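Visitor: Here's a structure for you.
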Amino acid sequence: MGSLKTFDRSLPLSGETQHLSWFDSASVVRQLLEQLDIIIDGNRAWDIQVLHPLFYKRVLTRGSLGLGESYMEGWWECEALDQLFAKLSRGLMEGRLKAPFYLSWWTARALLFNLQNKAHSFHNVRRHYDIGNDFYQAMLDKHMLYSCAYWKNAINLDDAQEAKLEQICQKLRLKPGMRILDVGCGWGGLVKYAAEHYGVRAVGITVSRHQYDWACKSCMDLPVEIRLQDYRDVQGEFDRIVSVGMFEHVGPKNYLTFMKAMHACLEAEGLFLLRTIAGHQSILCFDPWMDKYIFPGAVIPSIRQVGGAIEGLFIMEEWCNTGMDYDKTLMSWFANFNKNWYRFSRPYGEKFYRMWKYYLLSCAGLFRSRKQQLWTMLLSKPF
């Protein structure tokens with residue numbers, strides 16, 4: 001998932017903002033936000049209430065990192081962060097805000113280094129997914145699915161997530177006895193459902209120790225094997241492969257490596273279902289705040305990047321976009337998180353609460369604005 005690339009414009013740039021006075025910084029930020037119908041200290045749900053005078057300069061000099069960190073520290077408030085970020089991201093897409101100069105450092109780092117190599121992948125994923133199974137159990141549905149639900153005929157999160165599982169199984173045309181591989185299996189919800197309802201034999205892989213422990217217990221009495229394993233190390237052949245919400249952690253330098261690994265594991269005439277958050281532009285690095293605090297090393301792909309990686313390896317059978325369902329999923333996760341926060345407030349603390357609230361609601365706004373999408377691709381292996 002992502003966040004806005006945030007403030008920049010034809011007003012003072014980069015180092016110039018270091019020399020702006022507090023008054024000048026406030027004036028610049030106010031002008032920027034007013035272009036997007038966001039008023040500082042206004043009375044609408046999406047307006048920003050500034051509580052610390054250095055907020056303005058921090059945003060101008062540190063962009064989205066400064067915006068997120070200043071919220072975590074209580075420098076500003078907003079009644080409806082989801083609505084605020086929907087407006088901010090629409091401004092980015094319409095060109096009324098531009099990506100700031102300071103992002104060049106993050107891009108250069110992504111160009112020079114493989115930030116999603118095997119060693120980094122284990123570290124990056126564990127920083128987010130190993131914060132506590134009890135925490136995720138309180139926020140997610142009964143299947144422990146940490147990816148977008150399918151809301152077409154659902155009235156609650158449990159129903160929507162089960163509908164997603166059923167939709168995936170049907171798209172894969174599962175039959176009893178088939179051997180399937182789930183790459184990035186999370187807490188094992190999909191392989192468990194497929195084994196119970198479709199009679200398949202399944203292998204699920206994850207690089208999160210906490211997810212591995214949970215999935216092993218959850219699937220104990222089923223023909224399911226859970227492995228603590230990187231996708232680059234998978235061996236064997238499978239009738240079907242599925243990967244839901246994991247490709248965001250692969251990184252542009254590894255897209256072709258990932259697709260070659262999936263191709264090598266898929267039987268002839270097999271099907272591969274890939275579901276990923278995606279963007280409408282090719283990027284090499286994620287938003288700095290998200291990269292630092294939520295999903296280190298994550299990058300969302302573009303059509304060009306995915307297309308280039310599958311060329312010559314797979315046939316595209318189906319490609320659909322259900323990004324609007326992620327808005328509702330994220331709002332449901334936040335409602336559960338907020339309702340159960342009393343259980344975690346002491347060990348995690350107020351700063352964690354503000355960080356997690358900012359993450360979930362800002363992402364809901366990004367999907368609402370259509371800046372981020374959710375793609376489901378069904379790929380087949382040529383004869």
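Visitor: Of (1) more than 19 Å from the chain's Cα centre (by Cα); (2) within 23 Å of ILE168 (Cα to Cα), GLY312 satisfies all except one. Which?
Guide: (2)
Visitor: Sort out which residues of segment 165-191 are buried (at least 24 other Cβ atoms within 10 Å of the Cβ) and not in a loop (DSSP other than H, G, I, E, B), and write them in order of number.
Guide: If the condition is that a residue be buried (at least 24 other Cβ atoms within 10 Å of the Cβ) and not in a loop (DSSP other than H, G, I, E, B), then ILE180, LEU181, ASP182, VAL183, GLY189, LEU190, VAL191 are the ones that fit.
The rows are residues; the columns are (1) surrounded by fewer than 19 Cβ atoms within 10 Å (Cβ to Cβ); (2) assigned by TED's automatic domain parsing to the domain that holds LEU88; (3) at pLDDT below 95; (4) not in a helix (DSSP H, G or I).
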{"residue": "TRP319", "(1), (2), (3), (4)": "yes, no, no, yes"}
{"residue": "LEU330", "(1), (2), (3), (4)": "no, no, no, no"}
{"residue": "LYS339", "(1), (2), (3), (4)": "yes, no, no, no"}
{"residue": "TYR353", "(1), (2), (3), (4)": "yes, no, no, no"}
{"residue": "LEU361", "(1), (2), (3), (4)": "no, no, no, no"}
{"residue": "ALA364", "(1), (2), (3), (4)": "no, no, no, no"}
{"residue": "LEU374", "(1), (2), (3), (4)": "no, no, no, yes"}
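Visitor: Something else about it: Being aromatic (Phe, Trp, Tyr) and either outside the structural domain of THR329 (by TED's automatic domain parsing) or assigned to a helix (DSSP H, G or I) (or both) is the filter here, so list the residues in segment 224-274 that pass it.
Guide: TYR231, PHE247, TYR255, PHE258
Visitor: Kindly provide the set of residues from segment 25-39 that are farther than 19 Å from ARG62 by Cβ, assigned to a helix (DSSP H, G or I) and out of contact with any Leu (no Cβ under 9 Å at 6 or more places or on another chain), ordered by number.
Guide: Residue satisfying the conditions is GLU34 alone.
Visitor: So which of PRO288, PRO382 ends up being more than 20 Å from GLY132 (Cα to Cα) and surrounded by fewer than 17 Cβ atoms within 10 Å (Cβ to Cβ)?
Guide: The match here is PRO382.
Visitor: Return the residue satisfying two criteria in turn: it lies in segment 274-297 and is touching a strand residue (DSSP E or B) at 6+ places or on another chain (Cβ under 9 Å) and of a type in the set (A, V, I, L, M, F, W, C), and of such residues it is farthest from MET72 (Cα to Cα).
Guide: Here the answer is LEU274.
Visitor: Let me ask you something else. Could you list, ordered by first residue, the pairs with Cβ atoms under 6 Å in which the first is in segment 175-187 and under 15 Å from ILE241 (Cβ atoms) and the second is in a loop (DSSP other than H, G, I, E, B), at least 6 apart or interchain?
Guide: Within 6 Å, the pairs are MET178/VAL200; ILE180/VAL200; VAL183/MET246; GLY184/MET246.
Visitor: Test GLU269 against the criterion of being at pLDDT below 95, over 22 Å from the mean Cα position of the chain (by Cα) and under 23 Å from LYS171 (Cβ atoms), and give yes or no.
Guide: yes
Visitor: Then there is this: Which residue, of SER243, SER218, is surrounded by 15 or more Cβ atoms within 10 Å (Cβ to Cβ), within 23 Å of the chain's Cα centre (by Cα), at pLDDT 95 or above and of a type in the set (Gly, Ala, Ser)?
Guide: SER243
The values are calculated or read from the model by the stated rules, or taken from the named source; none is laboratory data. Treat the numbers as computed from the prediction; the structure is a model and nothing was measured. Positions of Cβ are backbone-derived with ideal geometry, glycine not excepted, and every protein chain shown enters the neighbour counts.
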